[in-house]
Amino acid sequence: MTARTRKIIALLFLLGFVLTAPLVILTTKGYRYNWKKGRLEKTGILVLDSLPTEADIYLNGSLYRKKTPTSLFRMLPESYAIRLQKTGYLPWQKVLPIKSGETTFTQEVILFQDVVPQLLEAGDFTAAAFDPTGRRAALLRRGDEWLELVIYDRRTAVTSVLDRFSPDKYASPELSWSPDGGRLLFQAKVAGGERELLIYTAGGAETGALPVNLPPEGWRKAAWSDDGTALIILSDRGLFTAAPDGGDPITVILSPRIQDAAAVGRNAYLLETEADKVVLERMNLDGRGLPETVADLPAGKYSVSDANERYLLLTDAGGASRLIDRQNGRIAATVNARHAAWEKTPGEGRLLLWNDFELYVLDPAAGTPQLITRLGTALTGAAWHVSGRDVIYGTADSVSAIELDDRDQRNAFELARLTGIRGFLADPSTATLLLIGSAGNSKGIFERGL
């Protein structure tokens, strides 16, 4: 090799180094050349995770070589169509932007099972209620000769009869469990417009009712205290309380001006009408002492939608609800909703709120409700998914899930389609959805995996 050739090769190496070294340095710092834009750009990172894991990843329609969970590095800043897919599950997809020098997180995406609800217990149920654990369902089953009150135990698949009534004895029946699941409250209208109130022990064995001797002049409401140690009864004369074992009611306060009431621990919270306002009051359930003012509200008609150790949710006749911090009487938030469900134990985490057509999520610390969805069909109920990243809602003929991540659009998934749905429960302990309704000629309790 001549000296001239060696010199040319050295110059070429030097030129190559001068040209490539900056590119190598820029690449290590996260830059790539964007051929669409004709320039170098700093890349971003996409972090993907799903529940369950091992989902296929599609980027702009092309299958990626890895599955969830994974991180995709050195992605050019632009929007990507992302699809997560796993056999036996409903697919999830969004269009998300990757920003220069930033990490985009898409973590714990919930993939719902793609299954059909299966019938667990057949029956024509006119009323139903799930216990706090989701293990048992109280059901009012209509037959040819009897109206039966039964308990269905999911763990043992055994149905126990609590009571039997003549088929036409009751109208507008309601069932509600005590918070500890130890008692079942049955209330309904009887002939002549009067009402009857019965309490049952709910251990699963056949048992008789524990009747409550109702106060005179008609009662308007019966409900458990938040700890299940008492039953409050609101009548036209005032507020009364009864023991979980039934018997004669005890007078808490006599006043025809009480609009509604709730019991939290050993305290009763009353909404009492005054000349130009409504007063939220607190007093002991044993009736000792005078009511203590918690907050003053504008004149109107109110009801208690939710009550726990920290908050009361009061709903007015127009459908607006006020979340009252009962420790200081302040309004923590106002939202157009009549029903509520706490994310965690009552009073903890976020609050799920809904009216006939709208679903909201509220963080009491922030005070501003977030609209999650607005439907054209009336909502019949809502519940949290155990992840806290999705919520489940029902209508008369379907139950669906919707995610809270509002980037691009909220994915919504139809989980079940039945007719005449009377109730549903999202059970976090078994990751299942329980429904009461009809599918074709089958009526009863249905179950599908989440």
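Data table
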item: Residue check for Thr419: modelled with pLDDT of 90 or more, farther than 24 Å from Lys94 by Cα and of a type in the set (Ser, Thr, Tyr); result: yes
item: Enumeration of residues in segment 220-256 that are closer than 14 Å to Asn284 by Cα and either of a type in the set (Phe, Trp, Tyr) or touching a Ser or Thr at 6+ places or on another chain (Cβ under 7 Å) (or both); result: Ala230, Leu231, Ile232, Phe240, Ile250, Val252
item: Subset of segment 317-327 [surrounded by 14 or more Cβ atoms within 10 Å (Cβ to Cβ) and assigned to a loop (DSSP other than H, G, I, E, B)]; result: Ala320, Arg326
item: Considering residues of segment 82-134 that are aromatic (Phe, Trp, Tyr) and at pLDDT 95 or above only, the residue nearest to the chain's Cα centre (by Cα); result: Phe112
item: Members of segment 377-409 that are closer than 20 Å to Pro91 by Cβ, surrounded by 15 or more Cβ atoms within 10 Å (Cβ to Cβ), more than 13 Å from the chain's Cα centre (by Cα) and among the charged types (D, E, K, R); result: Asp405
item: Output for segment 293-310, where each listed residue is modelled with pLDDT of 90 or more and either in a loop (DSSP other than H, G, I, E, B) or not polar (S, T, N, Q) (or both); result: Val294, Ala295, Asp296, Leu297, Pro298, Ala299, Gly300, Lys301, Tyr302, Val304
item: Selected residue (only one of Thr133, Thr87 is of a type in the set (S, T, N, Q) and more than 20 Å from Asp56 (Cα to Cα)); result: Thr133
item: Those strands (runs of 3 or more DSSP E) lying entirely in segment 49-131 with at least 3 residues free of Cβ contacts under 8 Å to residues at least 60 places away in the same chain and over 30 Å from Gly181 (Cβ atoms); result: 56-59, 62-67, 70-75, 79-85
item: Filter result (touching a residue at least 40 places away in the same chain (Cβ under 8 Å) and among the acidic types (Asp, Glu)) within segment 146-160; result: Asp153
item: Segment 268-292, residues that are assigned to a strand (DSSP E or B), over 17 Å from Ala243 (Cβ atoms) and in contact (Cβ under 8 Å) with a residue 12 or more places away in the chain; result: Tyr269, Leu270, Leu271, Glu272, Thr273, Lys277, Val278, Val279, Leu280, Glu281, Arg282, Met283
item: From the options Arg330, Arg374, residue that is among the basic types (Lys, Arg) and either within 28 Å of Ala416 (Cβ to Cβ) or buried (at least 19 other Cβ atoms within 10 Å of the Cβ) (or both); result: Arg374
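The values are calculated or read from the model by the stated rules, or taken from the named source; none is laboratory data. Note that the structure is predicted; figures quoted are calculated from it, not measured. Quick reminder, even Gly has a Cβ in these numbers, built from the backbone with ideal geometry, and neighbours come from all protein chains shown.
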